[in-house]
Amino acid sequence: MPYKYLEHTADTGIIANGRSLAEVFESAAEGLAALLCEPDTVKETTSREITVSAPELEALMVDWLAEINYQFEVDRFAYRRFKVNRITETELRATGQGEPIDPKRHRFGEQVKAVTYHQLEVKRGADGWSARVILDI
Amino acid sequence: MARTTGAIRALKQIDETLWELPTSYKQGMRVPGRVFASERMMREAVEDQALEQMANVAQLPGIVGYSLAMPDIHWGYGFPIGGVAATRVPDGVISPGGVGFDINCGVRLVRTDLTEEEVRPRLETLISKLYANVPSGVGSEGMIRLSARDADEVMRRGASWAVARGYGVDEDLEVTEERGCMADADPDTVGERPRKRGAEQIGTLGSGNHFLEVQAVDQVFESKAADAMGITGRGQVVVMFHCGSRGFGHQICEDYVREISGMLPGYGISLPDRQLACAPVKSPEGRNYLRAMRCAANFAWANRQTILHATRESFEREFGRSWRQLGMHQVYDVSHNMAKIEEHEVEGKKSTLCVHRKGATRSFPPGHEDIPERYRAIGQPVLIPGDMGRYSFLCVGGPDALEKSWGSACHGAGRVQSRAAARRHLKGRDIRAELASRGIVAKSRGWASLAEEATEAYKDVEEVVRVCERAGLVRNVARLRPLGVITG
């Protein structure tokens, strides 16, 4: 699994991995999308462009995940898969695949209030990149 | 749980219910930390991460007295949940993370003249009506869609906006903290995104630990205070619900944490946890956050006021009598995620403080001028929900609360198990049937949300309340037992 969930007493977290910076961002986003909505119920019928910018890399991760959560809640769009097309320390351009929410068919998971900066980490290790993000549930 | 690491070993016991973490524990602590807890809780339930967070909060510029934690303390983000911190105005800071994402999350209690015997035969249909009228769960939408103008009115007027639309009466406002509206809320400090997130969410519970419960009074401990609140005795039916400012408040917090994070170097503030991002109370960012936070607080009160209306309507339809005939008067409404500018005594002098309560309830003692007149002699009602399988408590502000905790007490039981652990633990069990076998009707969107909120995931709220009472933060008035539960 490119991502797993972190035990946190009140909330939950995502630990994501990737061979590249782009991949760790994709993994984290897929982890969040799977938490919001059971991935097997989401079809990849629609693709959307997502652009996010932030002052530095860790904040970029928070803003990227916050954007996906915002679109889930406000646009009622459920993502399943992501492709990061371009990424720097401060900007990300990606394409996400998914479909508009259908409450009859989609199985919802957790409602995510927000993406937090608590114990936030995006770092490069020997085998690639890893990230840790805690979500407020 | 391993009890061998850092913070827990550095604690010194002050008395039966109070423990202190000295400033020597961690570099940068400006004041000691203090936790209210029993010995047993300290041994078994207080996590190191939560104590670590209490030590981090002690580093906030301008913090006064102690970095405090209530007995329902648990690991949060930035602040521990159950954390209370007061900073000096004007040179102290305000931290959006010290209020939390769910700004003015709180609890409301409504009494009735109905008895358990009258309600029990109709419980299933009553809960179904409530479930239909008070939307809950992920992605739920309310019956009201706010126009841009309505939204500004909600932000400025809070619960009185809902009352003006016919959702309740003035009497409800009298028994709501701040009368359901904080002054100096400025819609201009709120961006587009919170408005969009909140547009369809008035009148909805949300998910997670938010709930609506039909309860019966189980035991009355203090009859004079109970009388004043319309609590008549064992078997009386009441309704309690818990929710906040929904996506509107979450987004305001998110937007201001982002903005304030970027300003930290400019104010010369360095912090051990980015989620503690803060700005001086009187700085432009600090002021703007407070104005926006008050908009979210008012949104939450409008939300709970609308849910009160939907609750009364559901009862009216089920029992064929008006809510007045059913005696459905609101007892009180408290906030447990908020920052407020309050006057407190510091070293014998009246001082203006910014009191952050993150998962802590205001708990003012008898005689305090901010308590509605009808409750002034007994103290401010403090509503403390437990888990859905056991009980909740109705308390009033205790004699020592101002001195010991800036007039604050616990806000609930406090989790002991993560959501994932609760799901693992309860796998294969029919929680709905188990509750039903104990006479509790439960309704939720799915199995997981019941499992995550099950009794096993929480501390025993009775012990939490007992610690608060021994410490003089509250006086216990009544225990309430669930009959029917709706979880988000």
### Query
Name the residues in the range B:329-363 that are surrounded by fewer than 24 Cβ atoms within 10 Å (Cβ to Cβ) and assigned to a loop (DSSP other than H, G, I, E, B), would you?
B:329, B:347, B:348
### Task
With the checklist (1) more than 12 Å from every other protein chain (Cβ to nearest Cβ); (2) over 22 Å from residue B:264 (Cα atoms); (3) assigned to a strand (DSSP E or B) in hand, flag the one item residue B:85 doesn't pass.
(2)
### Task
Hey, can you tell me all the residues within the range A:15-41 that are of a type in the set (Ser, Thr, Tyr) and within 14 Å of chain B (Cβ to nearest Cβ)?
A:41
#### Entry: Candidates B:321, B:246, filtered to the one that is modelled with pLDDT of 95 or more, of a type in the set (Lys, Arg) and buried (at least 24 other Cβ atoms within 10 Å of the Cβ)
B:246
### Task
Go through the range B:233-263 residue by residue and tally those that are closer than 23 Å to residue B:392 by Cβ and more than 11 Å from chain A (Cβ to nearest Cβ).
11
### Task
Considering each of B:260, B:252 in turn, give the residue that is within 20 Å of the chain's Cα centre (by Cα) and either surrounded by fewer than 24 Cβ atoms within 10 Å (Cβ to Cβ) or assigned to a helix (DSSP H, G or I) (or both).
B:252
### Summary
Exactly one of B:230, B:286, B:266 is of a type outside the set (Ser, Thr, Tyr), away from every other protein chain (no Cβ under 12 Å) and at positive phi, and that residue is B:230
### Task
Report, by residue number, each residue of the range A:2-16 that is of a type outside the set (Val, Ile, Thr) and closer than 21 Å to residue B:50 by Cα.
A:5, A:6, A:7, A:8, A:10, A:11, A:13
### Task
From the list A:99, A:110, pick out the single residue that is more than 8 Å from chain B (Cβ to nearest Cβ) and surrounded by fewer than 24 Cβ atoms within 10 Å (Cβ to Cβ).
A:99
### Query
From the list B:67, B:95, which residue is of a type in the set (Ser, Thr, Tyr), more than 14 Å from every other protein chain (Cβ to nearest Cβ) and either buried (at least 24 other Cβ atoms within 10 Å of the Cβ) or closer than 25 Å to residue B:44 by Cβ (or both)?
B:67
### Query
residue B:53 is checked against (1) within 13 Å of chain A (Cβ to nearest Cβ); (2) modelled with pLDDT of 95 or more; (3) over 16 Å from residue B:339 (Cβ atoms); (4) assigned to a loop (DSSP other than H, G, I, E, B) and fails just one. What number does that condition carry?
(4)
### Query
Which condition breaks for residue B:273 when tested against (1) of a type in the set (Asp, Glu); (2) at positive phi; (3) within 14 Å of another protein chain (Cβ to nearest Cβ)?
(2)
### Task
Would you check if there is a residue in the range B:14-33 being surrounded by fewer than 17 Cβ atoms within 10 Å (Cβ to Cβ), over 30 Å from residue B:268 (Cα atoms), modelled with pLDDT under 95 and away from chain A (no Cβ under 14 Å)?
no
### Task
Give the residue, chosen from A:91, A:30, A:58, A:110, that is among the acidic types (Asp, Glu) and more than 22 Å from residue A:134 (Cβ to Cβ).
A:91
### Task
Please state which one of B:119, B:46 is of a type in the set (A, V, I, L, M, F, W, C) and either surrounded by 24 or more Cβ atoms within 10 Å (Cβ to Cβ) or more than 30 Å from residue B:226 (Cβ to Cβ) (or both).
B:46
### Message
Just the residues that are crowded, with 19+ Cβ neighbours inside 10 Å and within 14 Å of chain A (Cβ to nearest Cβ), please, taken from the range B:122-141.
### Response
B:135, B:136, B:137, B:138, B:139, B:140
### Query
Which of the residues belonging to the range B:188-238 are in contact with a strand residue (DSSP E or B) (Cβ under 9 Å, 6 or more places away or on another chain), aliphatic (A, V, I, L, M) and farther than 21 Å from residue B:474 by Cβ?
B:205, B:212, B:214, B:216, B:237
#### Entry: Search result, residues across the range B:396-447 that are closer than 28 Å to residue B:230 by Cβ, within 19 Å of the chain's Cα centre (by Cα) and not small (Gly, Ala, Ser)
B:396, B:402, B:410, B:411
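Quick grid of which residues meet (1) more than 22 Å from residue B:253 (Cβ to Cβ); (2) among the small types (Gly, Ala, Ser); (3) in contact with a strand residue (DSSP E or B) (Cβ under 9 Å, 6 or more places away or on another chain):
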site	(1), (2), (3)
A:4	yes, no, yes
A:34	yes, yes, yes
A:49	yes, no, yes
A:58	no, no, yes
A:65	no, no, yes
A:71	no, no, yes
A:75	no, no, yes
A:83	yes, no, yes
### Task
Just name the residue that is farthest from the chain's Cα centre (by Cα) out of those in the range B:164-180 that are surrounded by fewer than 23 Cβ atoms within 10 Å (Cβ to Cβ) and assigned to a helix (DSSP H, G or I).
B:164
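The rows are residues; the columns are (1) acidic (Asp, Glu); (2) farther than 13 Å from residue B:353 by Cα.
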| site | (1), (2) |
| --- | --- |
| B:50 | no, yes |
| B:55 | no, yes |
| B:61 | no, no |
| B:72 | yes, yes |
| B:75 | no, yes |
| B:81 | no, yes |
| B:85 | no, no |
### Task
Identify, by number, the condition in (1) modelled with pLDDT of 95 or more; (2) within 14 Å of another protein chain (Cβ to nearest Cβ) that residue B:467 doesn't meet.
(2)
### Query
Of these, A:87, A:134, which one is buried (at least 17 other Cβ atoms within 10 Å of the Cβ), of a type outside the set (D, E, K, R) and within 11 Å of chain B (Cβ to nearest Cβ)?
A:134
### Message
What's the total number of residues in the range B:177-198 that are of a type in the set (Gly, Ala, Ser) and under 30 Å from residue B:396 (Cβ atoms)?
### Response
3
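Considering only the range A:85-95, how many residues are over 25 Å from residue A:137 (Cβ atoms) and touching a strand residue (DSSP E or B) at 6+ places or on another chain (Cβ under 8 Å)?
Count: 7.
Give A:74, A:42, A:62 a once-over and let me know the one that is over 14 Å from the mean Cα position of the chain (by Cα) and touching a residue at least 60 places away in the same chain (Cβ under 8 Å).
Numbers: A:74 fails: touching a residue at least 60 places away in the same chain (Cβ under 8 Å); A:62 fails: over 14 Å from the mean Cα position of the chain (by Cα).
Going through A:74, A:42, A:62 in turn, just one is over 14 Å from the mean Cα position of the chain (by Cα) and touching a residue at least 60 places away in the same chain (Cβ under 8 Å): A:42.
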### Message
Return the residues of the range B:34-50 that are within 14 Å of another protein chain (Cβ to nearest Cβ) and touching a helix residue (DSSP H, G or I) at 6+ places or on another chain (Cβ under 6 Å); say none if nothing qualifies.
### Response
B:48
### Message
So in the range B:210-230, with the set limited to residues that are touching a helix residue (DSSP H, G or I) at 6+ places or on another chain (Cβ under 8 Å) and not in a strand (DSSP E or B), which one is farthest from residue B:308 (Cα to Cα)?
### Response
B:228
### Query
Hey, does the range B:429-447 have a residue that's within 14 Å of another protein chain (Cβ to nearest Cβ) and of a type in the set (A, V, I, L, M, F, W, C)?
yes
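The values are calculated or read from the model by the stated rules, or taken from the named source; none is laboratory data. No experiment lies behind these values; they were computed from the predicted model shown. Methodologically, a virtual Cβ is constructed for each residue, glycine included, from the backbone with ideal geometry; neighbour enumeration extends over all protein chains shown.
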